[in-house]
Amino acid sequence: MAGYSYIAIDPDGKERKGKMEAPNEERVFYTLKAEGYFPVSIKELGVLNKDFQRNMGSPIKLRELSVFSRQFYRILHAGIPIVRALSMLIEQTENKKLRKAVKETLVLVEKGERLADAMRNQGKIFPPLMINLIEAGEASGNLEVALERISVQFEKEARLRAMVKKAMIYPTMLGIISLGVIILMLVFVIPNFMNMFNDMDLEMPAITLAVMAMSDFVMDKWYLIIGVIAGIGFAMVTFKKTDRGKRFFAKLSLSIPIFGKLNIKTASARFSRTLGTMIASGISLIDAIDITARTIDNIIIKQMLMETKEEIVRGVPLSTPLMVSGIFPPMVYHMIKIGEETGSMEDMLTKIADYYDEEVDIATQTLTSAMDPLIIIVLAIIVGIMVMAIMQPMFSMYDQLSGALGI
């Protein structure tokens, strides 16, 4: 996805500058129009601009944003004005980048700008979801409620990401340890035994010769192995940055055994909770879908949601394009359809999110429980083969010694 810089006029007639990632210039134009801005200039960022933006605009952790929103809510709930509340938050915020953004936000608010506009001017520090909910809260006079919903949203999202990360990290670490054990045996253990067998002029079994050849290859061609692994890794990273690569890996993440179902459940929980929070805050369904799509990492789901938004503009109910896409589980669009028929969309989306949060938790525990014995079994088989490669010549040596001694 390309990066663009823009200059636009906000609804109050003030000039705004910013940066945005989008598939094309047209998407930037319509996104700004949907947010109430009049685009004046849109330019694609060069390589140097992108790197600078990436280095200077590191996102804040969700848990830190959740704590910030919770503190902001409590201060406002106590009857303290926004300006003084921001001053208090500056003192309480530990993250330097977030503290700087709050200071700059305070300066703009003191000049008369709305809180949402002031936060929007801080680059990528405050996510679009947070800014839009605050904007809706200011418009409806329920800023405190909006901040409370933001804190809950980010808490749930942080917990969801932590569960998914746990599911991915655990088998990865076991795999790395297993690979380390195998390399250790091939480089240090096997050669010592093989030198001893060579000195005794024994006839080696096929399994021993195969392990010896593998050990020699690892020791003699280690640079070639590292080069091939690095080359494959570089090729994958480069391919992943292309549109075709993004779609390939996005499709793979949804279809790969075990992990695919976990990713779909995670996306279902994230989509439902984000959309429900947006609608509950008074944001229109079309804008809520657009903002929710931007929070989804998977490009296939993101594109499906953008197409869903276009269907909704034409008057099609939300549940219909979700059902046609076949990406989300049936429960998602069935409960949304019930919400559309009964007028309880917010409640249904919250129930869907809670259900899939629990499903992700269960799936994570099941995955880690299943991967543990699986990796141990694979490691035991590999180590067992190496042990057999060592033991068989030893048995042959004992047989020869026994025969020579007449035992």
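Key figures for this structure:
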{"read-out": "Candidate set from the range 123-146 (those that are under 23 Å from the mean Cα position of the chain (by Cα) and in a loop (DSSP other than H, G, I, E, B)); member that is surrounded by the fewest Cβ atoms within 10 Å (Cβ to Cβ)", "value": "GLY123"}
{"read-out": "Residue within the range 317-335 that is out of contact with any strand residue (DSSP E or B) (no Cβ under 9 Å at 6 or more places or on another chain), of a type in the set (Ser, Thr, Tyr) and not in a helix (DSSP H, G or I) present", "value": "no"}
{"read-out": "Unmet requirement for MET388, which otherwise passes all of (1) of a type outside the set (Gly, Ala, Ser); (2) more than 34 Å from the chain's Cα centre (by Cα); (3) modelled with pLDDT under 80", "value": "(3)"}
{"read-out": "Selected residue [within 26 Å of GLN392 (Cβ to Cβ) and either modelled with pLDDT under 80 or not acidic (Asp, Glu) (or both)] from THR238, THR208", "value": "THR208"}
{"read-out": "Check on ARG27, closer than 23 Å to ALA136 by Cα, of a type outside the set (Asp, Glu), part of a helix (DSSP H, G or I) and modelled with pLDDT of 75 or more", "value": "no"}
{"read-out": "Some residue of the range 213-221 being at pLDDT 75 or above, surrounded by 15 or more Cβ atoms within 10 Å (Cβ to Cβ) and under 18 Å from GLY384 (Cβ atoms)", "value": "yes"}
{"read-out": "Residue that is assigned by TED's automatic domain parsing to the domain that holds THR366 and surrounded by 13 or more Cβ atoms within 10 Å (Cβ to Cβ), where the choices are LEU254, LEU224", "value": "LEU254"}
{"read-out": "Residues satisfying the stated conditions in the range 257-276, i.e. among the β-branched types (Val, Ile, Thr), modelled with pLDDT of 85 or more and either in contact with a Gly (Cβ under 7 Å, 6 or more places away or on another chain) or over 16 Å from ARG159 (Cα atoms) (or both)", "value": "ILE264"}
{"read-out": "Set GLU340, GLU358: member being in a helix (DSSP H, G or I), at pLDDT 80 or above, touching a helix residue (DSSP H, G or I) at 6+ places or on another chain (Cβ under 7 Å) and at negative phi", "value": "GLU340"}
{"read-out": "Every residue from the range 363-384 that is among the β-branched types (Val, Ile, Thr) and surrounded by 13 or more Cβ atoms within 10 Å (Cβ to Cβ)", "value": "THR364, THR366, THR368, ILE375, VAL378, ILE382, VAL383"}
{"read-out": "Within the range 95-118, tally of residues that are under 18 Å from ALA34 (Cβ atoms) and outside any loop (DSSP other than H, G, I, E, B)", "value": "2"}
{"read-out": "Per-region count, the range 295-309, residues crowded, with 20+ Cβ neighbours inside 10 Å and in contact (Cβ under 8 Å) with a residue 40 or more places away in the chain", "value": "2"}
{"read-out": "Qualifying position, being in the same structural domain as LEU254 (by TED's automatic domain parsing), modelled with pLDDT of 90 or more and buried (at least 17 other Cβ atoms within 10 Å of the Cβ), among MET335, MET331", "value": "MET335"}
{"read-out": "Selection count, the range 344-353, where residues are under 12 Å from THR274 (Cα atoms) and surrounded by fewer than 16 Cβ atoms within 10 Å (Cβ to Cβ)", "value": "0"}
{"read-out": "One residue from MET204, MET185, MET214, MET219 being over 26 Å from the mean Cα position of the chain (by Cα) and not in a helix (DSSP H, G or I)", "value": "MET204"}
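The values are calculated or read from the model by the stated rules, or taken from the named source; none is laboratory data. Worth saying up front: this structure is predicted, and the values here are computed from it rather than measured. Virtual Cβ from ideal backbone geometry, glycine too; neighbours counted across all protein chains shown.
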